[in-house]
Structure formats: structure tokens, C-alpha cells
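Heads up, the thing below is written out as C-alpha cells.
The values are calculated or read from the model by the stated rules, or taken from the named source; none is laboratory data. Keep in mind it's a predicted model, so treat the numbers as computed, not measured. Cβ sites come from the backbone with ideal geometry, for glycine too, and all protein chains shown count toward neighbours.
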Amino acid sequence: MRGLMFVVGLVVLFVAAGCEGLRFAPGEVQKANAYLHHRTAQMAADTARAEGTSAGLVELTSLSEVQSRAFMADYGLPRELPAAETVDDILNEGSRAIAEGAAVISGERPDGWAVADCVVEAAIGIAGIIGGVWGIRAGQFLRRSRETSLALREVILGNEAFKRAQSESAAAFKESQSHQSATTRRLVSELKTG
């Protein structure tokens with residue numbers, strides 16, 4: 001019983017907290033970019049020291065090189081290391097393309113609906129493992145919650161499509177929704193942003 005309540009509590013907490021903090025695991029492009037960043041920082045630090053630039057610039061590039069190690073360790077090495085032995089290797093168009101691609105990919109987040117559905121599925125599975133009357137009831141409750149969530153999602157997506165297609169009616173639509181409770185408006189807003 002305690003385990004089941006814990007799982008239900010986690011699901012509720014997860015859904016209430018949202019998915020903004022979730023990210024996909026780093027892919028090969030991001031790993032290659034982290035490696036190239038590290039090599040760029042190393043070369044910049046070496047060049048600053050060799051050219052006798054200001055002490056401040058030497059320190060900045062040295063710190064950047066150390067910081068880049070943490071990023072590379074966090075992301076991991078790509079399966080195939082990009083060419084990064086010389087300054088020309090680093091400054092080529094391929095390196096720029098990798099950096100731009102990594103910037104786009106890094107901004108992507110999992111769909112909140114899909115994540116929530118996976119969490120509910122896992123909770124249903126756990127409820128099935130726990131078994132007994134409480135496990136069955138919890139499983140039924142979670143299935144019903146998932147169905148309600150999917151239905152609400154369909155309604156919200158349909159409303160958004162209607163507002164885009166019927167822009168002249170958008171103001172009237174918004175006015176018709178203005179009498180919703182603060183809780184309903186907050187939930188709909190959270191569900192729209194995923």
C-alpha cells in the first residue's frame with residue numbers, strides 16, 4: 001500500500017512539475033561539438049601563452065580550457081573524433097556545421113505528453129506487480145487518468161487549431177473561456193506548453 005501511494009505521489013509530482021528540466025541524452029553531434037570545443041579552448045590557451053598576450057587573456061583561455069574538459073566529460077567522446085589537430089582543422093566549415101547542429105539539437109526537449117504517458121504506463125505496471133485489491137484499483141485509476149489526459153490533450157490541440165484557422169473568431173473564443181477557474185486556466189496553460 002505504501003509503495004503504491006509512493007508511486008502515485010511520484011506521478012502526480014512529475015506531472016505537476018512539468019518537463020522543462022528533461023533533456024535528451026547527448027547525441028554524436030553534441031559529443032563531437034564538445035570535443036571540438038575542448039580542442040578549440042586548448043589551442044586558444046596555447047596560442048595566448050605562446051604569443052605573450054596579456055595576463056588576463058592567458059588566464060581566461062586557460063580557464064576556458066579547464067571548463068571545456070568538464071563539458072567533454074559530461075557529454076562523452078563521439079564514436080569518431082572530428083579532425084582537430086590544427087587551427088585550420090578547427091576553423092573549417094565542418095566544425096562550424098557541427099557547432100550549429102549541436103546548438104539546434106541541444107534546444108530540443110522531449111514531448112511532455114509522451115513523457116507523462118510513459119510515467120503513467122510505468123506506474124500501471126508497478127500497480128500490477130503490487131497486485132491485490134489496491135493494485136487493481138490503482139491501475140484502474142491510472143488508466144482512467146491517462147484516458148482523461150489524452151482526451152484533454154485532444155481538446156486543447158483542437159482548440160488551438162481552431163484559433164489558428166479561425167483567427168476572426170479567436171477573440172470570441174478567448175472570451176468564452178474567460179470564466180474558467182484560475183486552476184483550470186493554469187492547468188490548460190501548462191498542458192499547452194507541455
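Numerical summary
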| read-out | value |
| --- | --- |
| Boolean, Glu65 is exposed (fewer than 13 other Cβ atoms within 10 Å of the Cβ) and of a type in the set (D, E, K, R) | no |
| Of the criteria (1) within 30 Å of Tyr75 (Cβ to Cβ); (2) outside any helix (DSSP H, G or I), which one Gln180 fails | (1) |
| Residue in the stretch 112-129 that is modelled with pLDDT under 75, surrounded by fewer than 16 Cβ atoms within 10 Å (Cβ to Cβ), under 20 Å from the mean Cα position of the chain (by Cα) and outside any helix (DSSP H, G or I) present | no |
| Among (1) within 23 Å of the chain's Cα centre (by Cα); (2) modelled with pLDDT of 75 or more; (3) assigned to a helix (DSSP H, G or I); (4) not aromatic (Phe, Trp, Tyr), the one test that Val155 misses | (1) |
| Residue in the stretch 143-160 that is more than 19 Å from Asp117 (Cβ to Cβ), hydrophobic (A, V, I, L, M, F, W, C) and assigned by TED's automatic domain parsing to the domain that holds Ile124 present | no |
